[in-house]
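Structure first, then comments.
No lab work stands behind these numbers, since they all come straight from the coordinates. Just so it is clear, the structure is predicted and the values come from calculations on it, not from any experiment. Ideal geometry is used to build each Cβ from the backbone, glycine not excepted, and the neighbour counts take in all protein chains shown.
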Amino acid sequence: MAKYYDVDDILAEQETLPTVFNTEVYALGRALDPSCDSENLPAGSSVNLPFWLADFLSHRKMLKPHLPKFLKKRLRDELQGEAGCVDLRDRCKFFYELGRKLCTLSELDGSEDLSEFLLNTFTSRFKEMLTTSHVCSNETRETYSRVLTNEELELFTRAQASSKAFERWIYSKSTVISSRIKRNKRKREWEGQEFRFRTRPVVSA
Amino acid sequence: MATDFARTATNLVKELKTHLEANDLGGSGSASGGSGGAVGSGGGVRGGVLRDPGQALPAYKEDEVSKSAREVQEHYDSVVAILGAFREENREWDTRPEVASSVLIHHQSLLRNKRLLLAYQNLRLERIKAFRWKCGRLPRATQDKLSPPERDFVKSYERILNSYQKQCRVDLTVGFFPPGENLLKVRVTEDLGVMEFDYIGEADLQVGTVHLLPHEEAERLIIEGKLEHLA
């Protein structure tokens with residue numbers, strides 16, 4: 001319940017995974033599977049369902065979930081080879097979050113080593129990511145933000161912000177308060193008629 | 001009958017989140033006021049200033065919200081219809097798993113829609129609150145993007161905040177920058193006329209003029225973009 005309003009959590013649960021129904025489903029044939037001819041969805045049909053629905057129904061033994069494409073064997077081998085270079089964002093933005101949730105599904109094939117696999121992937125990618133985040137140029141950041149998953153990107157930006165803040169602190173002398181709202185209006189006033197230029201600024205008090 | 005798995009509401013939330021991230025309020029120094037919820041997760045770290053205050057919040061998507069609400073109603077009607085038909089048959093649930101699964105799918109879709117709509121609203125309210133704390137009152141351009149209940153919320157929030165601040169006699173929304181000196185050197189960027197200040201009395205704030213103003217009062221005006229702080 002703690003994550004009820006968490007948008008990332010919500011969007012992670014929206015990712016679909018292939019499932020096979022153990023039971024018939026009354027009157028939802030066409031809605032669940034557009035290629036289904038009958039009114040009822042027959043048992044044994046395979047349908048792509050979002051995680052939130054698949055999770056709920058698999059706990060009630062109504063369907064059998066399968067691993068989504070991005071966790072299939074081929075990709076896993078790829079990741080074991082060179083984890084750092086693989087574009088995970090393209091496969092699933094919520095790679096770890098969804099993977100973690102998938103671990104809780106009891107009836108999933110190949111879920112035994114899933115948690116270990118996720119952890120390995122993360123550790124091998126994290127090290128390189130962290131070093132890069134402190135010293136990277138804008139271009140590297142661009143390319144990087146296109147291959148990282150949402151969770152990694154969050155860490156990446158935070159690491160970058162903290163090293164920037166540290167630099168600012170170490171070279172700073174005084175704090176300048178700046179407006180959080182940038183006004184375009186100001187520019188116009190400088191150019192316009194209204195502005196009277198004074199040779200010496202008036203300093204009151 | 002549509003079972004598109006709450007797609008309308010999902011897109012609603014997704015779009016809002018993208019918009020809010022693209023128009024980050026910035027400034028890591030201040031507390032977000034309310035329960036640091038969904039807004040805090042994306043904001044704060046990226047820094048930078050809001051380019052256009054009118055973009056702080058996208059317009060309220062009345063149509064999509066009511067479409068999702070209708071979807072909820074449809075799911076509810078289906079559940080009731082299925083249960084009604086089933087009750088007439090008078091049999092055990094175990095013998096009809098296909099009916100049970102259908103009811104559950106409808107019910108879950110209903111709950112999912114509810115969660116998405118609540119998250120959408122919550123995300124907007126968090127942003128409204130954060131804006132009040134970080135950038136002052138909502139500008140007119142943003143006011144027009146609120147739904148009527150949201151406008152009421154803004155009004156009540158403002159009232160509560162004001163009455164509390166009156167009680168403790170401190171403007172809580174300023175003071176995130178620890179004062180180095182008592183007076184700040186500022187340049188006026190928006191004509192404010194003659195204003196009264198502590199310590200120094202009246203000051204004629206015309207565009208382009210430079211003044212030394214007391215920290216506390218100047219800070220609010222600087223954050224609102226009416227003065228510019230000169231280091």
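Tabulated results
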{"item": "Mean ellipticity per residue at 222 nm, deg cm²/dmol - from DSSP H runs of n ≥ 4 across chain B, formula -39500 (n - 2.57)", "result": "-18000 deg cm²/dmol"}
{"item": "Backbone HN-Hα couplings from phi across the stretch B:55-65 [Karplus 6.51/-1.76/1.60, Hz, Gly and Pro as x]", "result": "8, 4, 9, x, 5, 5, 8, 3, 4, 5, 4"}
{"item": "Nearest-0.05 FRET efficiency for B:Ala69 and A:Glu82, computed from C-beta distance (R0 41 Å)", "result": "0.30"}
{"item": "Gain on full stretching of the segment that runs from B:Ala231 to B:Asp198 - 0.36 nm per residue minus C-alpha separation", "result": "9.7 nm"}
{"item": "Other-chain or far-sequence residues with amide H under 5 Å of A:Leu63's (modelled H)", "result": "A:Asn22, A:Ser58"}
{"item": "Extension gain, B:Ala59 back to B:Ser147 (0.36 nm per residue minus Cα-Cα distance, nm)", "result": "30.8 nm"}
{"item": "Gaussian network model of chain B, springs between alpha carbon atoms under 10 Å - residue of B:Ala85, B:Ala130, B:Ala119 with greatest fluctuation", "result": "B:Ala85"}
{"item": "Inter-label distance, nm, simple model (7 Å from Cα along the C-beta direction), A:Val20/A:Val135", "result": "5.2"}
{"item": "Value of relative contact order over chain B, rounded to a whole percent, pairs C-alpha under 8 Å and six or more apart", "result": "20"}
{"item": "Ordering of B:100-107, B:194-201 by packing [mean C-beta count within 10 Å, highest first]", "result": "B:100-107, B:194-201"}
{"item": "For B:Leu184, residues with placed amide H under 5 Å, excluding near neighbours", "result": "B:Leu213, B:His215"}
{"item": "Nearest-0.05 FRET efficiency for B:Glu15 and B:Asn90, computed from C-beta distance (R0 45 Å)", "result": "0.45"}
{"item": "Shielding by other protein chains, B:217-230, mean Cβ within 10 Å", "result": "3"}
{"item": "Sparse-neighbour loop sites [chymotrypsin sites (Phe, Trp or Tyr not before Pro); the stretch A:1-101; at most 13 other C-beta within 10 Å; DSSP]", "result": "A:Tyr4"}
{"item": "Computed over the stretch B:93-225: relative contact order in percent, which uses C-alpha pairs under 8 Å that are six or more apart", "result": "19"}
{"item": "Number of partner chain Cβ atoms within 10 Å, mean per residue of B:107-118", "result": "3"}
{"item": "Residue-averaged beta-carbon neighbours from other chains (10 angstrom radius) around A:25-34", "result": "5"}
{"item": "Cα Rg over Rh - the stretch B:78-231, Kirkwood", "result": "1.35"}
{"item": "R0 of 60 Å, Cβ-Cβ distance A:Leu75-B:Lys185: FRET efficiency to nearest 0.05", "result": "0.55"}
{"item": "The stretch B:76-86 - phi-based ³J(HN,Hα) in whole Hz, Karplus 6.51/-1.76/1.60, Gly and Pro as x", "result": "4, 4, 5, 4, 4, 5, 5, 4, x, 5, 5"}
